[in-house]
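What follows is one structure encoded as structure tokens, with my remarks underneath.
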Amino acid sequence: MLVFLWMVWGTTWPAMRIVFLELPVWQFRALTCGVAGAVLLGLGILQDRSRWKAPRRIWPRLVAASFLNMTCWHVLTGFGLQIVGAGHAAIVCYTLPVWTALLAGLFLGERITARVVVAIALGIAGVAVLLSAGFGAAGDLWQGERPLGFLFILLASVTWAGGTLVIKHHEWNVSMNALAGWQLLIGLFPIGLIAAVSEPFVLHRASVEATLAGLYVLFVGMVMGYALWFRVVHVMPATVASIGTMMIPVIGVSSGALLLGEPFGWRELLALALVLSAIALVLLLPALAGRRTDRAG
């Protein structure tokens, strides 16, 4: 399951790039959030009929998690992928664990250790390496992938980190598939509203390539991806699940190069090394240390 999840979310990045080079972000995200949310909520009902309803007391937290995890993430990645290549976007987005550690320190009172500070520096350095590919000769402006695209993806990663903390630090009493479904459906409302008033409907004019890529994003990347992720988190040790976070940008860069002909040179390799080192500092080292302590005990 874990290896399949790597492939699912890694290859979803080039598929999203294909979609957003042709289709409007608000419209496509409204459609996919609605369909994926309904499917996952349905799976949650089938999974546990007693734990699919969202009690009234959790709705304020659920709305906050939905806005961060779904509304912000889906919209920001969509606009970012109109500018930034799929591989570069995957690298920047999966600085997620670094921002999770930072936000936990700022808002939840967790200690911001030297390890976290070094991880932040490594993550920023990785983004800077990718940005350097767009800097032209003296006197020129940025060429190719503009900084705005990287900013969108970086903000998506930060909001996803915030949503992760909201989910992690509360007891929901709702099945995982149902929780994902509720978040998608609640996150759909602002997306759908803006889509309705800002864009003429054009999804029916999509090319065959964009249509197939969109179906892949919807049913493989979103429905299957979310269902697999929650299952993996439930049945596997945290250390092993963390490795999945590290593998996804590697597959994202590789699939972007293979499927879209995106660059895969020294900048991409260096940025990957920096970001993966940052993830290892905030995820793998603490988890491994914890397992050694448990064994000693």
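Each reported figure results from applying straightforward, stated rules to the coordinates on display, with no laboratory input. Just so it is clear, the model here is predicted, and its values are computed rather than measured. So basically every Cβ, Gly included, is an ideal-geometry build from the backbone, and we count neighbours across all protein chains shown.
Could you work out the helix-only [θ] at 222 nm for the chain, with each DSSP H run of four or more residues adding -39,500 (n - 2.57) and the total divided by the number of residues, to the nearest 500 deg cm²/dmol? Can you show the working numbers first?
Working: 14 runs with 210 residues, N = 297.
So the calculated ellipticity at 222 nm is -23000 deg cm²/dmol.
What percent do you get for the relative contact order of the range 2-291 when only Cα pairs under 8 Å and 6+ apart count? Spell out each step's value before the answer.
Numbers: 423 pairs, mean separation 121.8, N = 290.
Reported as a whole number, the value is 42 percent.
Listed highest first by mean packing, meaning other Cβ atoms within 10 Å per residue, what order do 94-102, 23-31, 56-64, 206-214 come in? List each step's numbers first, then the result.
Details: 94-102: 24.7, 23-31: 22.8, 56-64: 13.8, 206-214: 15.9.
Result, highest mean Cβ count within 10 Å first: 94-102, 23-31, 206-214, 56-64.
So, R0 is 41 Å and r is the distance between the beta-carbons of VAL3 and SER198; what FRET efficiency does that work out to, to 0.05? Display every interim value, and only then the final one.
Numbers: r = 40 Å, r/R0 = 0.97.
That gives a FRET efficiency of 0.55.
Based on the Cα gyration tensor of the chain, what are the three equivalent ellipsoid semi-axes, each the root of five times an eigenvalue, rounded to whole Å and given largest first?
Values: eigenvalues 156, 146, 60 Å².
Listed largest to smallest, the semi-axes of the chain are 28, 27, 17 Å.
Please report, in debye to the nearest 20, how large the charge dipole of the chain is about its Cα centre when each Lys and Arg carries +1 at its beta carbon and each Asp and Glu carries -1 there. Write down the numbers at each step before the final one.
Details: 18 positive and 11 negative charges, 204 e Å.
Dipole about the Cα centre, nearest 20: 980 debye.
Once the dipole of the chain is set up with Lys and Arg at +1 and Asp and Glu at -1 on Cβ about the Cα centre, which of HIS170, GLY261, ILE251 lies farthest towards its positive end?
The one lying farthest along the dipole's positive direction is HIS170.
I need the Debye-formula profile for the range 32-186: one equal scatterer per C-alpha, no solvent, reported as log10 I(q)/I(0) at q = 0.09, 0.14, 0.20 1/Å, two decimals.
Debye intensities relative to I(0), on a log10 scale: -0.37, -0.78, -1.18.
Can you tell which of GLY126, GLY87, GLY192 shows the greatest fluctuation in a Gaussian network model of the chain with Cα springs below 10 Å?
Greatest mean-square fluctuation among the candidates belongs to GLY192.
Placing +1 on the Cβ of each Lys and Arg and -1 on the Cβ of each Asp and Glu in the range 1-158, which of LEU21, VAL75, ALA101 has its Cα farthest towards the positive end of the resulting dipole?
Projecting each Cα onto the dipole axis, the largest value belongs to ALA101.
Less than 15 Å Cβ to Cβ from GLY44, Lys/Arg counted +1 and Asp/Glu -1: what total charge do the surrounding residues give?
Working: positive: ARG49, ARG51, LYS53, ARG231; negative: ASP48.
Local net charge: +3.
Running a GNM on the chain with Cα contacts under 10 Å, which residue among LEU258, LEU43, LEU76 ends up with the highest mean-square fluctuation?
Its mean-square fluctuation being the largest, the pick is LEU258.
Springs between alpha-carbon atoms under 10 Å, Gaussian network over the chain: tell me which of LEU81, LEU108, LEU269 tops the mean-square fluctuations.
Highest fluctuation of the listed residues: LEU108.
Quick one: order HIS88, HIS74, HIS204, HIS169 by neighbouring beta-carbon count within 10 Å, fewest to most. Spell out each step's value before the answer.
Values: HIS88 32, HIS74 24, HIS204 6, HIS169 11.
So the residues, fewest neighbours to most, are HIS204, HIS169, HIS74, HIS88.
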